[in-house]
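The values are calculated or read from the model by the stated rules, or taken from the named source; none is laboratory data. In this text, all values refer to a predicted model and were calculated from it rather than measured experimentally. So basically every Cβ, Gly included, is an ideal-geometry build from the backbone, and we count neighbours across all protein chains shown. Note: accessible area is taken over every heavy atom of the protein model, side chains too, but ligands, DNA and RNA are not part of it. Shrake-Rupley method; radii C 1.70, N 1.55, O 1.52, S 1.80 Å.
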Amino acid sequence: MSRLRFAIAIVSVAVLAGACGAAISPAPASQTPARVADGGSTEPSATTAIATRVPPAGATAATDDTSWALAEAATPTDYGPGVTTAVITALARAGIATQADVAHDAPEQPITGVVSPFRLLDFQAHALAVGVWADTTWSGAELDTVIPLPEGSSGVPTTSELLAAWLATANTPGGSYSRALMAGQDLNDPSTLRFPAIALVVFVSDVATDGGTLAPPTTPSSPSPSTTAAGALMSAVGMRPATKARIQPAVAVNTICSDTSAWIQGMIDGLFDALRVATPAGGVGHVLASAWNWLVSAARFAVKGLLTTLTDAALGTIRSIAATIASVAEQVASILPYAVKVRSVSESGGTVFRLASAPLRGTFQAAVTAGDLPDWPAVLADCAATAQVALPDFHAKDVAVSWGPLESAGDPLLGPTDQATGTSLTDASGQAMWPFLTSRDPGEAPGDERDQVDWMPVAVHRPEIDAARRQLTDALLAPIPSLLRPFVTPLFAPVLDGLQSRLNAVLDARGRGPAFLVYHDQPPATPAPPPSAAPSGSCDLGTIAAGHYRGTFHETVVTTLGGISSVDTHDITGPVDLTVAPGGAVSGTFSYVDQEHQIIDVGHTHDVHESTAEMTGGTARGSACDLELAFGHVVLTKCHDQVLGDCLGGSGSQFSLVLPLGSPARSDAGHLVWTQRHDDKQETGDDVQSTLEVAVDGPA
């Protein structure tokens, strides 16, 4: 197994877990994150992908240190106020202001650069922060279902392709932060990407302001402002109030809900205006231009029928997609204050299962949590009261949880115990359990180590939450679809029909947690000896003088790994002492130093591995016309990996290999040379090329 495969697989765990929740409980206690070590059972924590700072594969824009630090601060083991602060700070760097409520216009964190028309209230930012912390994500395929391309559109990317292109190229604080949150994913496969809601918010803001370089419009697109109390508040905070003709208040009386609803409507209205004119003088902005160039690059995935240039028609459709994404992101941030975490735990408390001769016990745990939020946000509680609906208990217990089926790239290496069922209930602490047993290790040392992630999907469906969510959406966000309809292109407008029902289908309470399993391949069969130069009639022992010969052993081995970009080179050199007896019998010793240099490139991950091994106690035997080398004891004396650090360990091993060299390729004037070349194209795709030479001079 390549040295990076284990580390990269752990990275993918953190960014692929999570979804939305319904029953709310405190976050589960967990151990301090630990680094995975050979022989141990330690936990690849939720922060591993970010802590190792592996950018998404395919990204061409950089991810700065501040983005990595803010992403790490938002993903600790346990939720605390620092999570919310880190997310609000990241939003402020992207130009997105967060304010306490509609009556407090001052942003909670200072804004960097151009102020975005996309603004958030504190309860919305908290919901986004809970989602970041819990890895609440939606796949690219799900977003493509929610926001499909309209029939008849051509030459434009899907929603997931557009988001992937922006992530790859956005040289903006928001783009950088989103790449940090999506560390280790592959942007070249957009439908499988897992997007946090905050990435959708930042994408829309980047498009509206061309990455913070284009100030939003300040002139109202319609002449008369709203005369509601919320409209006055919007004017006070410098936002363009929506007009009466375009906005109908969600409720007739002024409440927290109605004021917030009007504030959100005005913000969305101003955002749509910014999207409409988000083109600087001189043509398409650099954010969309860079994304488009990435899509048309020959090295990227093929977007069917993609136009080679960004036309006005394509730009209009992209803006329509961005506006619809804004509508989706606004609902997620407003209506979903909770998330679900799913994790696996072994008997020792870790999530890495090193398979052995006997099965290992483990448990999938599902806990639904709102971080440090004790109850429904005041806005949602007021909206529920206004809509005359009873919100379910925020801390509901005995909620049905559906487990599985297991998802795995191969055959699952774990299965349920007798106590595990397809459905269980959350307990008094709001958690549900699914006990399991792993399989036995299918191989054993010295077989290569392999790794596999088995995923457990979890679903929680509560009809009372569905009903409340529909009524909360009507009370708080009902006018947004009507605001959106006149903005989008005529081709895209029909997509709005059924948008809410498609969105509801992916907003159910569900999660997905990993179990990381390590096992061995079956021990390889003893390989046949490599082809050697058989003794030939040209080797005449009578012409080889008896005596003491000295020289060198030199071998080079170059291995190109199939499936990833990796070249592993060994340069092996050492002294040889041979004694040729009268009659041609040979005895002697040899040793060597093996200098290994390996370069591994996986996406944007670049690793350099270097090591030094010493072999001592090697012996020579046979005859001068049929020489054999028996290898001795090998010890690793130096080892350093650019990604994993110091890799020195172990006490060495006996290298039980006898190498037949046959007759010398050259035998003249006291100079003996044995050579061997070996080329092997393996079934795994690995290509191994080696050359060996033993050259001695004598007799002394």
*Could you pull out every residue, at least 5 positions away or on a different chain, whose amide H is within less than 5 Å of the one on Ala74? Hs are placed 1.01 Å off N in the peptide plane, and Pro or chain starts have none.*
none
*J(HN,Hα) series, the stretch 450-459, from Karplus relation 6.51 cos²θ - 1.76 cosθ + 1.60, nearest Hz, glycine and proline x*: 10, 9, 8, 10, 9, 9, 10, x, 10, 10
*Packing-based ranking, highest mean first, of 361-374, 56-69, 546-559, 126-139 given that Cβ atoms within 10 Å are counted*: 126-139, 361-374, 56-69, 546-559
*In Å and from the alpha-carbon atoms only, list the Rg and Dmax of the stretch 60-192.*
15.9, 48
_Probe 1.4 Å, all protein chains present, accessible-area order of Lys341, Lys397, largest first_ = Lys397, Lys341
_Evaluated over the stretch 315-363, the Cα radius of gyration and Dmax, each in Å_ = 21.4, 61
_Sorting check: for 172-183, 610-621, which peptide has the highest mean count of neighbouring beta carbons within 10 Å, and how do the rest follow?_
172-183, 610-621
*Cβ-derived FRET efficiency at R0 60 Å, Ser429 paired with Val688, nearest 0.05*: 0.65
*In sequence order, what are the phi-derived ³J(HN,Hα) couplings for the stretch 97-113 according to the Karplus relation 6.51 cos²θ - 1.76 cosθ + 1.60 with θ = phi - 60°, rounded to whole Hz, with x for glycine and proline?*
7, 10, 10, 4, 6, 5, 8, 10, 7, 5, x, 5, 10, x, 8, 9, x
*Quick one: pull the percent of accessible area on the stretch 358-403 belonging to carbon and sulfur, 1.4 Å probe, ligands and nucleic acids left out.*
51
*Any idea of Trp294's accessible area? Nearest 10 Å², probe 1.4 Å.*
10
*To the nearest 10 Å², what's Val506's accessible area with a 1.4 Å probe?*
20
*Return an integer: the convex hull volume of the alpha-carbon atoms of the stretch 46-128, in Å³ per residue.*
110
*What nm value, rounded to one decimal, do you get for the distance between Asp65 and Thr311 when each label is placed 7 Å out toward the C-beta?*
4.7
*asked:* Quick check: Cα centre of the stretch 97-144 to Cα centre of the stretch 358-417, how many Å?
replied: 23
*With r defined as the distance between the Cβ atoms of Leu657 and Thr112 and R0 fixed at 60 Å, what FRET efficiency is calculated, to the nearest 0.05?*
0.45
_Amide hydrogen neighbours beyond the local backbone of Arg512, cut-off 5 Å, H modeled_ = Gly18, Ala19, Val342, Val458
*Check Arg450: other-chain or 5+ apart residues with amide H under 5 Å from its amide H, H built from backbone geometry?*
Tyr519, His520, Asp521
_Residue-by-residue Karplus 3J(HN,Hα) for the stretch 608-624, coefficients 6.51, -1.76, 1.60, Hz, glycine and proline x_ = 10, 10, 9, 8, 10, 10, 10, 10, 10, x, x, 10, 10, 8, x, 10, 5
*Just read off the accessible area of His104 with the full protein assembly in place, 1.4 Å probe, to the nearest 10 Å².*
100
*Figure the gain on full extension for Ser348 and His671 (residue separation times 0.36 nm, minus the Cα-Cα span) and round it to one decimal in nm.*
110.1 nm
*Could you tell me the distance between the Cα centroids of the stretch 178-201 and the stretch 334-356, to the nearest Å?*
21
*asked:* Starting from 0.36 nm per residue, how many nanometres of slack lie between Asn293 and Gln522 once their C-alpha separation is accounted for?
replied: 77.8 nm
*Could you state the accessible area per residue of the stretch 95-193 in Å², with a 1.4 Å probe and every protein chain left in place?*
28
*Pulled fully out, how much extra length does the chain show between Asp372 and Ala100, if you take 0.36 nm times their separation in residues and subtract their Cα-Cα distance?*
96.3 nm
